Amino acid sequence: MKKISSLAHTQLAQKMDPDSLDFETTKDIQGLTEFVGQSRAFKAIELGIGLNSKGYNLYAMGPSGVGKLSMVRTILETKAKEQPAPFDYCYIYNFDDPQKPIALQLPAGKGCELRDDMQALIEDLSISIPVIFESDEYRTRMQKISDETTKEQQNMLTHISDEAKKSELSILSSAEGFTILPVNKKGESLTTEQFTRLPKKERDEKEALITQFSQRLANLLKQIPFLHKERRRKEKEAKREFTLMAVDHFIEEIKKKYAQFPLVINYLSAVERDVILNVKDFLKRDESPPLPLSADSKTEFSRYLVNVVIDNCERSAAPVIYEENPSYLNITGRMEHIAQFGTLITDFSLIRPGALHKANGGYLIIDALKLLHEPFAWEGLKRALYASQIKIELPEHIQGLLSTASLDPTPIPLALKVVLLGDRTTYYLLCQFDPDFDELFKVAADFEEDIERNSETQKQYAQLIANLAHKAQTLPLHRSAVAAILDHSTRLAQDQQKLSTHLRAIKDLIIEANYFATQHTGQVVHLEDVQAAIAAAIARQDRVRQNFYESIQRNFVLIQTTGETIGQINGLTVIELGHFSFGHPTRITAIVHPGSGHIIDIEREVELSGPIHAKGVLILTGFLVGRYVTDASFSLSASLVFEQTYGTVEGDSASAAELYCLLSAIAQIPLKQNLAITGSINQYGDIQAIGSVNEKIEGFFDICHMRGLTGDQGVIIPAINMQNLMLKDEVIAAVKAKKFHIYPVTTIDDALILLTDIPAGERGKNGKFPRGTVNYLVEKNLEKFAKKMQHPPKKRHNQKKRSPSL
């Protein structure tokens with residue numbers, strides 16, 4: 001078997017030649033406003049906003065930082081410019097049922113006009129009504145009504161008094177009331193003594209007349225309140241006439257302006273009736289409303305004002321709203337309260353709009369996770385989309401937790417597109433567990449995490465970098481800096497043929513490189529500035545890595561990088577800390593002995609391994625059973641462990657290393673400790689791809705470099721992962737100088753000769769492995785294990801039987 005050759009330094013990264021770029025700095029090229037490589041998402045968004053059928057809202061999915069919000073907002077704002085500004089909506093006082101404010105729909109800009117017109121009306125009436133009620137004409141009219149009533153009352157008293165005189169009676173008026181007294185022929189009142197001396201017949205007649213006139217006088221007195229009632233009616237009618245004189249002209253003027261809006265005409269008529277009924281409120285000169293009056297001014301006049309909840313007076317196109325805090329109240333709107341005499345009160349003027357109001361007639365963008373984290377917000381949004389209307393309700397009322405009376409505003413018709421931004425996991429969970437989601441969000445816009453790297457996309461990416469630099473207001477970037485950013489993007493994509501679409505990371509790198517450029521008063525961002533920014537970003541986050549490397553250097557964590565050992569190998573793992581990850585070697589060991597064919601994964605036994613790692617161990621067990629001693633029972637017991645690991649182990653990228661460790665222990669062949677290996681295996685012995693190959697190689701390189709490169713150290717990787725290599729310059733330089741090596745392997749046998757300097761061996765026509773090969777030694781020892789299990793050693797007869805321990 002031919003020994004695998006190490007990779008050349010040119011194969012370890014895809015480096016761009018700055019001279020291949022046809023510009024000197026980004027100042028010389030046009031910034032790209034399009035979004036590179038997102039055609040799938042772009043078409044989905046166009047479809048979603050183009051379909052007006054119910055339920056065609058969008059979910060833009062992809063990892064954070066790929067530019068979902070930027071792209072969605074740009075597309076929506078472009079589309080919104082083609083659409084007219086939507087309607088204004090106002091809430092007005094309901095004079096028939098104050099608890100149910102009325103929603104008015106008006107063309108864009110008319111809501112503000114109506115609000116201003118009503119405010120001006122109240123200001124005008126607060127001046128004109130007192131003036132007209134203080135006029136001479138009004139006072140004359142009221143005096144006339146009063147005089148007419150007084151005269152009529154006096155006429156009635158004079159008439160009965162004259163009749164009483166004819167009957168020789170006198171009606172006297174006093175503070176206590178009226179008194180009827182008999183008089184003589186001369187009209188003089190009779191004393192009691194004189195009255196008793198009258199003949200009985202005359203005295204009886206006088207008493208009868210007194211009784212008769214007392215009754216008539218009582219009847220007359222009963223008529224007087226009706227006279228005053230009539231007087232008040234006439235005064236009220238006069239007030240109404242004079243109020244109408246003050247009000248009618250102003251309101252008719254407004255009615256003409258809004259003649260095409262029947263609801264506004266009805267409202268103005270109701271206002272006119274209410275002003276006439278409550279004209280006294282306008283006559284309190286000492287308590288006149290502050291001018292200018294606002295809807296928040298809680299006075300007798302607040303009910304005449306207009307609360308514009310959706311104001312599009314300054315819009316020329318449909319709105320595009322991004323709601324950063326999608327709570328229930330911020331989505332559906334709310335009713336504010338004010339404290340008055342120790343009680344919280346509310347009215348139509350305290351209704352405040354939510355994001356649905358602001359985006360009505362246009363587009364609303366919401367972060368899906370933020371929305372789902374807010375109580376009631378997701379359900380509130382779904383209710384509004386299903387009903388195609390915005391109904392403002394307190395969450396307590398919806399849940400039946402509050403029974404106090406509150407406002408019940410008229411719902412507002414809803415017509416808009418909602419775009420949710422989120423990751424794929426959230427999308428799939430919503431699809432699975434919320435049947436409403438598929439009904440309301442029928443279009444998924446799936447954003448790419450990386451794009452193909454070719455001459456065309458590199459050119460577009462350079463333009464995109466220019467655009468990001470322009471938006472961030474940084475210095476122009478030299479082409480060498482642009483080339484370095486392109487290479488860094490490929491590193492982020494973990495693929496030599498890809499470029500990352502993680503625009504946030506690219507933008508941050510540009511800003512930080514600009515900082516280093518300005519530190520040396522440069523006018524252009526160069527390659528060195530980009531490299532300094534990348535190094536600084538790593539330095540800010542690598543405290544844990546440095547501590548870990550120090551523990552290896554000081555032998556607190558035992559890692560061999562020289563020599564040979566049986567049943568021990570350097571595996572490679574990766575630790576992720578936020579946005580920073582690093583690789584490091586891990587010592588894997590194996591102990592074998594004859595047994596029942598059970599391989600103990602110590603990590604799994606103590607519940608420190610995940611299911612994928614456990615699967616990898618079972619797969620390598622299947623490989624051993626399928627390759628060796630196929631004509632006998634598999635009589636191996638073994639234990640595998642990641643030494644000095646104290647956290648969870650997950651993934652199958654160490655399954656190849658574990659297998660080599662087992663083969664070494666079975667065949668009693670030492671493995672080289674100057675090599676580390678990563679790769680997963682299948683049951684046929686093929687080496688499969690793994691992730692984070694760059695971090696793993698660099699992790700072992702760093703340890704070897706700290707201890708001193710010997711020239712024979714290196715890493716064995718799956719050959720398929722060659723296309724993922726984007727190694728740092730330090731590793732490439734060491735490989736170029738032949739101080740470090742990277743070996744690509746395809747099968748298990750490829751790496752055996754590298755790790756042992758012994759051929760792996762292939763089965764011959766006789767079904768046996770060649771003598772002296774690794775596979776021969778493995779199978780030979782497994783056969784010995786099988787025989788031992790078939791013929792276990794007999795117990796010695798002279799062996800004493802021990803009592804069980806207590």
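Odds and ends about this structure:
- Of all the criteria given as (1) buried (at least 20 other Cβ atoms within 10 Å of the Cβ); (2) of a type in the set (Val, Ile, Thr); (3) part of a helix (DSSP H, G or I), the one not satisfied by Thr425 is (1).
- Residue in segment 8-67 that is modelled with the lowest pLDDT, counting only those that are outside any helix (DSSP H, G or I) and among the aromatic types (Phe, Trp, Tyr): Phe35
- Every residue from segment 253-273 that is farther than 21 Å from Tyr138 by Cα, open to solvent by less than 70 Å² (accessible area, probe 1.4 Å) and outside any loop (DSSP other than H, G, I, E, B): Ile254, Lys255, Val264, Ile265, Tyr267, Leu268, Ser269, Ala270, Val271
- Yes/no for Thr518 being over 22 Å from Lys68 (Cβ atoms) and surrounded by fewer than 19 Cβ atoms within 10 Å (Cβ to Cβ): yes
- Put simply, of Leu344, Leu329 the only residue that is open to solvent by 40 Å² or more (accessible area, probe 1.4 Å), among the hydrophobic types (A, V, I, L, M, F, W, C) and assigned to a strand (DSSP E or B) is Leu344.
- Filter pass, Asp124 being surrounded by fewer than 18 Cβ atoms within 10 Å (Cβ to Cβ) and part of a loop (DSSP other than H, G, I, E, B): no
- Residue in segment 621-667 that is surrounded by the most Cβ atoms within 10 Å (Cβ to Cβ), counting only those that are among the charged types (D, E, K, R) and assigned to a helix (DSSP H, G or I): Glu658
- If you go through segment 148-163 and keep only what is open to solvent by 60 Å² or more (accessible area, probe 1.4 Å) and among the charged types (D, E, K, R), you end up with Glu148, Lys151, Glu152, Asp162.
- Filtered by the rule that a residue be open to solvent by less than 10 Å² (accessible area, probe 1.4 Å), closer than 18 Å to Thr565 by Cα and not in a loop (DSSP other than H, G, I, E, B), segment 668-699 gives Leu671, Leu675, Ala676, Ile677.
- Those residues of segment 726-767 which are closer than 23 Å to Pro670 by Cβ, of a type in the set (Asp, Glu) and either touching a Pro at 6+ places or on another chain (Cβ under 7 Å) or assigned to a helix (DSSP H, G or I) (or both), in sequence order: Asp749, Asp750
- Members of segment 85-121 found to be out of contact with any Lys or Arg (no Cβ under 9 Å at 6 or more places or on another chain), more than 17 Å from Ser269 (Cα to Cα) and open to solvent by 20 Å² or more (accessible area, probe 1.4 Å), listed by number: Gln99, Lys100, Gln105, Pro107, Lys110, Asp116
- Residues within segment 463-505 that are closer than 17 Å to Glu452 by Cβ and part of a loop (DSSP other than H, G, I, E, B), tallied: 6
- Here segment 528-574 is the region considered, the condition is being of a type in the set (A, V, I, L, M), in contact (Cβ under 8 Å) with a residue 60 or more places away in the chain and in contact with a strand residue (DSSP E or B) (Cβ under 7 Å, 6 or more places away or on another chain), and the residue that is nearest to Ala505 (Cα to Cα) is Val574.
- Of all residues in segment 31-84, those that are open to solvent by 30 Å² or more (accessible area, probe 1.4 Å), in contact with a Gly (Cβ under 9 Å, 6 or more places away or on another chain) and farther than 21 Å from His502 by Cα total 4.
- Residue count, segment 432-462 (criterion: in a helix (DSSP H, G or I), under 28 Å from the mean Cα position of the chain (by Cα) and aromatic (Phe, Trp, Tyr)): 2
- Selected residue (criterion: surrounded by the most Cβ atoms within 10 Å (Cβ to Cβ)) from residues of segment 356-379 that are outside any strand (DSSP E or B) and aromatic (Phe, Trp, Tyr): Trp378
- Complete set of residues in segment 584-609 that are touching a helix residue (DSSP H, G or I) at 6+ places or on another chain (Cβ under 7 Å) and among the charged types (D, E, K, R): Asp601, Glu603, Arg604
- Just one of the listed residues (Leu157, Leu172, Leu217) is touching a Leu at 6+ places or on another chain (Cβ under 9 Å) and not in a helix (DSSP H, G or I), namely Leu172.
The values are calculated or read from the model by the stated rules, or taken from the named source; none is laboratory data. Note that the structure is a prediction, hence the values are computed from the model and not measured. We place every Cβ from the backbone using ideal geometry, glycine too, and count neighbours over all the protein chains shown. Surface areas here come from the heavy atoms of the whole protein model, side chains and all, with no ligands, DNA or RNA. Shrake-Rupley method; radii C 1.70, N 1.55, O 1.52, S 1.80 Å.
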